[in-house]
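> Got a structure for you, written out below as structure tokens; questions coming shortly.
The values are calculated or read from the model by the stated rules, or taken from the named source; none is laboratory data. Computed from a predicted model, the values in this text were never measured in an experiment. Positions of Cβ are generated from backbone atoms using ideal geometry, with glycine treated the same way; all protein chains shown enter the neighbour counts.
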Amino acid sequence: MKASLLKMPSFLLLILVIMSEWNIIEAYFLPTKTSNRMQFLKASTENKGEVVVPKTDQATAKKNALPGKSWLRSRAIGVGAFAGQNIMKNSAFETLVDTNDEWISKRTGIRSRHVIEPTSSLRDIAAKSAIQALESAGVNAKDIDLVIVATSSPDDLFGDAASVASAIGASKAAAFDITAACSGFVFGMVTASQFLHTGAYKKCLVIGADALTRFLDWNDRGTCILFGDGAGAVVMESTESDADAGILGFALHSDGERYCNLQLRFKSEFGELANEPKSVVDRGNYGKMGMNGPEVYKFAVNEVPEVINEALSNAGLKSSDVDWLLLHQANIRIMEHASQVLGIPMSRVLRNIEEYGNTSAGSIPLALAQAVKEGKVKKGDIIAVAGFGAGLSWASAIIRWG
Ligand SMILES: CC(C)(COP(=O)(O)OP(=O)(O)OC[C@H]1O[C@@H](n2cnc3c(N)ncnc32)[C@H](O)[C@@H]1OP(=O)(O)O)[C@@H](O)C(=O)NCCC(=O)NCCS
């Protein structure tokens, strides 16, 4: 075979190499790859008149994927959301700080945010979103093996996941919290997927929930206008084979060197308990959120497109394979920048920042729930998700929905 190839005229050999590089031989001439050809033809007929970018077929994507960081046998099968019930419009800030509706909506894209009621709790909104997710997946809470709550504003520092699991009737589930700020939901999904991929668990519930308005400095116009309270949840299940894999690639990152740009610290207050014997204890409390807005903005516009490309590459996919871009809802300008860099039009960017503002770990599932409910996101759609925030932390997952 090799000898006959050597005897072939070099230009013929070159054509063969190009055809094989572009998967033309595989897609059109090899009988085993008919499904690739069908996929391409189906895409052509569905996009009548439009320029069709052939999507990477499953076999090629799998071949190009990075083992361990891709094609996890885990998929999201239901989603739910619940936000704070008090709606606060931009105009409400005009009496609090030196700002106005025009500045806020132009510089951030936010027009209102939902704030948790004093009679409600983080556990409450998390549980409500979880119940919706279970209903949308058609799964009984008793069949959930693991509940993860991604939050930075728990009702109890020992964790809220166990209480949420009890509240929804997930009586046999193990439960724990994850803290990775606004990246928490993506970290949570990837963590749950490890258990599902190995088959250790069959069904997991991942909840992203935050009530950061509890920790805002209402005199700081650079932060208080940005945040709202909300929760979202997905039910994930293990799949039989790679063909059904729902987490096609991921990338997680943290950088403590840049921690100071966004923090909510414990403020130490030393107090003497007794003189004999002398004992000094720390009786401090958590302070208010502090942020260097322009630095966080720069961090987001630099890292978000990069981490999505990394996750896509781990999945063996390209940005042209993405049906929907779903970013943490922090600032519309960050979304516009990522859309431009990745070449994914704004019409394909899922967003609800106008109504909810930045709900931290809740923002991605909150926007996803709305998009699924509105019928935008359909079974089989590829969604490039990215979260970013305090830590600093940033993460992306490439999800095949449903
Ligand atoms: C916070 C953010 C909206 C500020 O927008 P910006 O365009 O960067 O604005 P700057 O901070 O550079 O400030 C520009 C001016 O607007 C002022 N300003 C800031 N907030 C304002 C407000 N709410 N209303 C009116 N003016 C405001 C500043 O004081 C500054 O005034 P000066 O020029 O007189 O000093 C923006 O930096 C941002 O979105 N950063 C990322 C935040 C984020 O995503 N955080 C969460 C990550 S999870």
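> Given (1) more than 12 Å from the ligand (Cβ to nearest atom); (2) at pLDDT 95 or above, where does residue 332 come up short, assuming only one miss?
Status for residue 332: all satisfied but (1).
> So for the range 127-144 (the condition being in contact with an Asp or Glu (Cβ under 7 Å, 6 or more places away or on another chain), more than 16 Å from the ligand (Cβ to nearest atom), hydrophobic (A, V, I, L, M, F, W, C) and at pLDDT 95 or above), does at least one residue qualify? Break it down stepwise before answering.
To start, the set of residues in the range 127-144 that are in contact with an Asp or Glu (Cβ under 7 Å, 6 or more places away or on another chain) comprises none.
No, the conditions are met nowhere in the range 127-144.
> State which residue is modelled with the highest pLDDT when the search covers only the range 49-89 and only residues that are more than 21 Å from the chain's Cα centre (by Cα) and among the small types (Gly, Ala, Ser).
Step by step, filter the range 49-89, then rank; the result is 61.
> Within the range 86-103, is even one residue away from the ligand (no atom under 16 Å from the Cβ) and within 22 Å of residue 372 (Cα to Cα)? Give the steps one after another, and end with the answer.
Just the residues of the range 86-103 that are away from the ligand (no atom under 16 Å from the Cβ), to begin with: 86-87.
Imposing the further condition that a residue be within 22 Å of residue 372 (Cα to Cα) reduces the set to none.
Within the range 86-103 (the criterion being away from the ligand (no atom under 16 Å from the Cβ) and within 22 Å of residue 372 (Cα to Cα)), the answer is no, since none of the residues qualifies.
> Report yes if residue 189 is on the phi < 0 side of the Ramachandran plot, part of a strand (DSSP E or B) and either small (Gly, Ala, Ser) or crowded, with 16+ Cβ neighbours inside 10 Å (or both), otherwise no.
Values: on the phi < 0 side of the Ramachandran plot: yes; part of a strand (DSSP E or B): no; either small (Gly, Ala, Ser) or crowded, with 16+ Cβ neighbours inside 10 Å (or both): yes.
Taking the combined requirement at face value, the residue does not satisfy it.
> From 213, 179, grab the single residue that is surrounded by fewer than 20 Cβ atoms within 10 Å (Cβ to Cβ) and within 16 Å of the ligand (Cβ to nearest atom).
Details: 213 fails: surrounded by fewer than 20 Cβ atoms within 10 Å (Cβ to Cβ).
Result of the check over 213, 179: 179.
> Also: Pairs please, first residue from the range 346-364 and away from the ligand (no atom under 11 Å from the Cβ), second anywhere and among the hydroxyl-bearing types (Ser, Thr, Tyr), Cβ atoms under 6 Å, 6+ apart in sequence or on different chains.
Partner pairs satisfying both residue conditions: 346/339; 349/339; 355/112.
> Looking at residue 343 and the list (1) buried (at least 18 other Cβ atoms within 10 Å of the Cβ); (2) free of Cβ contacts under 8 Å to residues at least 40 places away in the same chain, which single condition is not satisfied?
Condition not satisfied by residue 343: (1).
> Let me ask you something else. Quick check on residue 184: is it under 26 Å from residue 139 (Cα atoms), in a strand (DSSP E or B) and within 16 Å of the ligand (Cβ to nearest atom)? Talk me through it step by step, then tell me what you get.
On the way: under 26 Å from residue 139 (Cα atoms): yes; in a strand (DSSP E or B): no; within 16 Å of the ligand (Cβ to nearest atom): yes.
No, not satisfied.
> Any residue in the range 90-113 that is farther than 21 Å from residue 352 by Cβ sitting within a Cβ distance under 9 Å of a residue that is hydroxyl-bearing (Ser, Thr, Tyr)? List the pairs, counting only those 6 or more apart or interchain.
What qualifies is 100/91.
> In the range 247-275, what count of residues is obtained for those that are at pLDDT 95 or above, touching a Gly at 6+ places or on another chain (Cβ under 9 Å) and of a type in the set (Gly, Ala, Ser)?
3
> Let me ask something additional. Scan the range 281-297 residue by residue and report those that are surrounded by 13 or more Cβ atoms within 10 Å (Cβ to Cβ) and under 22 Å from residue 340 (Cα atoms). Reasoning before the result, please.
Restricting attention to the range 281-297, the residues satisfying the condition of being surrounded by 13 or more Cβ atoms within 10 Å (Cβ to Cβ) are 284, 286-293, 295-297.
Scanning the range 281-297 gives 293, 295, 296, 297.
> Checking the condition charged (D, E, K, R), touching a Leu at 6+ places or on another chain (Cβ under 8 Å) and away from the ligand (no atom under 16 Å from the Cβ), which residue from 276, 269, 237 passes? Let's see the steps before the verdict.
Values: 276 fails: touching a Leu at 6+ places or on another chain (Cβ under 8 Å); 269 fails: touching a Leu at 6+ places or on another chain (Cβ under 8 Å).
On inspection, the qualifying residue turns out to be 237.
> Also, quick follow-up: So residue 152 clears everything in (1) away from the ligand (no atom under 16 Å from the Cβ); (2) of a type in the set (S, T, N, Q); (3) within 30 Å of residue 105 (Cβ to Cβ) except one condition, right? Which one?
Going through the list (1) away from the ligand (no atom under 16 Å from the Cβ); (2) of a type in the set (S, T, N, Q); (3) within 30 Å of residue 105 (Cβ to Cβ), residue 152 breaks only (1).
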